[in-house]
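Notes for the one structure printed next.
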Amino acid sequence: MKVLVVGSGGREHAIVTSVAKSRRVSKIYCAPGNAGIAGLAECVNIGVMDFDRLVAFAKEQAVDLVIVAPDDPLVAGAVDAFEAAGIRAFGPRANAAIIEGSKAFSKDLMKKYNIPTAAYENFTDAEAAYAYLEDASFPIVLKADGLALGKGVLICNTLEEARAGVKEIMQDKHFGDAGNTMVIEEFMTGREVSVLAFCDGTTILPMTSAQDHKRAMDGDRGLNTGGMGTFSPSPFYTDEIHAYCMEHIYRPTMAAMKAEGREFKGVLFCGLMITKQGVKVLEYNARFGDPEAQVVLPRMKNDIIDVMEACIDGTLDQIQLEFEDNAAVCVVLASEGYPVSYEKGFPIRGLSAFEGKEDYYAFHAGTKLEAGQVVTNGGRVLGVTAKGKDLFEARAKAYEATDWITFDNKYMRHDIGKAIDEQ
Ligand code: AMP
Ligand code: GLY
């Protein structure tokens, strides 16, 4: 069968790597892809938001299955566009992807269906937000309603900071129209864990857990980024916590979306905080996480196409998800200056060191081929990933492998997976 993957980052490289392992797949296309993906798939230069051309391409090539990976096209209705043209597509339709596309929607959903989350209020008027802050306790969290590349969340320690935040989001429109509506929510503390789950509208099958490192600098300092590294599984996500989440978060979320007439099919990403008062939902995403996918998918034993088709067909109850009994760690190699400003176009050396090594992966995020040479082409450049028998071994191997790669302005965090020393 022929598969088209839509997207171009490390997550998409991990997805394409899993698709390439499927015994059922004869040809993979990726739009637009990157230099690493080009080793496994035919990359086609069509942007992820160019639905007309994507649909036309899928028709021309008689593609059997499209996998839409990033949030923007999902929220804008890419799956609806493929389906309207009679093409099978994996991912939520726009009416379900809103669970990521609008934080106000997801907070209201959780409130209505008693799914544990931080206390909050939604605001469409800046004056009302300022007034609310007068009696609030700090720290407090401000969130732009819409998609903002993971950067639309401000944690404010004082009233002054929070006032500046309201101005930034709602009046100066730092995050564009994403800030037309804003959520103000209670600040929570605890361990964070990401759980991605396959969904067919009725059944939800969680994958193994992962933990991301969102801040740019060691010690969780600096700005929020798309993610600087991950490990899987999270030792803090115990069987007991999993059972609680199944009963109080995952199944209720599936049922809630169905009851709202917004059947969720695809991957639901639950960002959770394990607080002293129990597990609470920080956010939902309507897709695989990045770099979570880079540590979760290499550990999955199932044929990914079987699972994705079951999501589309509503037969996920017949699938048994299986993961290897090991661990994986991903360290993102970024361009110095990410997530603010950085230079691109530097040659990347050392990629051949990964060839033929089973437990090591160099997932390409921001790379491209220029005159036969792989060069840096983004803030996050590579996700260097290794599997090991446990988290300690996986971490040692991943960091060892970061040394194999060199490029100008190479930057990474040195404390990915440090939390496992504290378990
Ligand atoms: P989000 O995009 O909603 O996941 O937020 C990005 C990051 O901000 C999360 O991964 C948390 O580290 C932090 N965050 C979001 N909401 C809260 C909250 N209510 N309390 C504490 N930290 C939060
Ligand atoms: N790593 C977080 C995300 O994909 O949103």
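Summarise the long-distance tail of P(r) for the stretch 282-344 by giving the % of C-alpha pairs beyond 13 Å.
Across the stretch 282-344, Cα pairs with separations above 13 Å total 74 percent.
Quote to one decimal, in nm, the extra length available between Val340 and Asn95 on full extension: 0.36 nm per residue of separation minus the C-alpha distance between them.
85.0 nm
Pull up all non-local amide H partners of Leu382: gap of 5 or more, or a different chain, and H-to-H distance under 5 Å with H placed in the peptide plane.
Leu333, Ala365, Gly366
Whole-Å semi-axes of the stretch 111-247's equivalent ellipsoid, largest first, each the root of 5 times a Cα gyration tensor eigenvalue?
29, 18, 15
Tally Lys/Arg at +1 and Asp/Glu at -1 over every other residue whose Cβ is under 15 Å from the Cβ of Val6; what's the total?
That works out to -3.
With a 1.4 Å probe and all protein chains left in place, how much accessible area per residue does the stretch 7-135 have, in Å²?
41 Å²
Within the P(r) computed for the stretch 1-93, what percentage of the Cα pairs occupies the region above 15 Å?
Here the long-distance tail beyond 15 Å is 51 percent of all Cα pairs in the stretch 1-93.
What does the convex hull of the alpha-carbon atoms of the stretch 94-153 project to on average, in nm²?
Quarter of the Cα hull surface area: 5.0 nm².
How many percent of the accessible area of the chain is carbon or sulfur, using a 1.4 Å probe?
47 percent
Only bridges with both residues in the chain count here: give the DSSP antiparallel percent, nearest 5.
Among the beta bridges of the chain, antiparallel pairing accounts for roughly 80 percent.
Give me the accessible area per residue for the stretch 268-423, probe 1.4 Å, as a whole number in Å².
Solvent-accessible surface per residue comes out at 41 Å².
What shape does the stretch 228-306 have by the C-alpha gyration tensor, where a ≥ b ≥ c are the square roots of the eigenvalues, rounded means a/c under 1.5, and otherwise prolate means a/b greater than b/c and oblate the rest?
Taking the square roots of the gyration eigenvalues as a ≥ b ≥ c, the stretch 228-306 is oblate.
Once you have the alpha carbon radius of gyration of the stretch 1-47, what is it after dividing by 2.2 N^0.38 Å, with N set to its residue count?
Relative to the rule-of-thumb radius for its length, the stretch 1-47 sits at 0.98.
As a test of understanding, state the convex hull volume per residue of the stretch 348-423 from its alpha carbons, in Å³.
87 Å³
Taking the Cβ of Gln320 as the center, what net charge do the other residues with Cβ under 13 Å away carry, scoring Lys and Arg +1 and Asp and Glu -1?
So the surrounding residues net to -3.
Kirkwood Rh over alpha-carbon pairs of the stretch 266-423, then Stokes-Einstein at 20 °C and 1.002 mPa s: what D in µm² s⁻¹, rounded to an integer?
Result for D is 122 µm²/s.
Highest GNM mean-square fluctuation, the chain, Cα pairs closer than 10 Å: which of Asp290, Asp145, Asp52?
Its mean-square fluctuation being the largest, the pick is Asp52.
Where q = 0.24, 0.29 Å⁻¹, what log10 of I(q)/I(0) comes from the Debye formula for the stretch 184-231, counting one point per Cα?
At q = 0.24, 0.29 Å⁻¹ the computed log10 ratios are -0.95, -1.06.
Taking every alpha carbon pair in the chain, what does the distance histogram look like in 10 angstrom bins from 0, in percent?
5, 22, 33, 28, 11, 1, 0
Please report, to two decimal places, log10 I(q)/I(0) for the stretch 199-348 at q = 0.19, 0.20 Å⁻¹ as given by the Debye formula with identical point scatterers on the Cα atoms and no solvent.
These q points yield log10 I(q)/I(0) values of -1.26, -1.34.
Which whole-Hz couplings ³J(HN,Hα) result when phi for each residue of the stretch 180-197 is put into the Karplus expression 6.51 cos²θ - 1.76 cosθ + 1.60, θ = phi - 60°, listed in order with x for Gly and Pro?
4, 10, 9, 9, 10, 9, 4, 7, 10, 10, x, 7, 9, 9, 10, 10, 9, 9
On the principal axes of its Cα set, how long, how wide and how thick is the stretch 125-193? Give whole Å, largest value first.
31, 30, 14
For Lys387, which lysines qualify as cross-link partners when the Cα separation must be under 22 Å and same-chain residues fewer than eight apart are set aside?
Result set, ordered by chain and number: Lys21, Lys214, Lys301, Lys357, Lys397, Lys418.
The values are calculated or read from the model by the stated rules, or taken from the named source; none is laboratory data. Every value quoted in this text rests on a predicted model; they were computed, and no experiment measured them. Note that we place each Cβ from the backbone using ideal geometry, even for glycine, and neighbour counts take in every protein chain shown. For the accessible areas, the whole protein counts, side chains as well, though only heavy atoms, and no ligand, DNA or RNA atoms are used. Shrake-Rupley method; radii C 1.70, N 1.55, O 1.52, S 1.80 Å.
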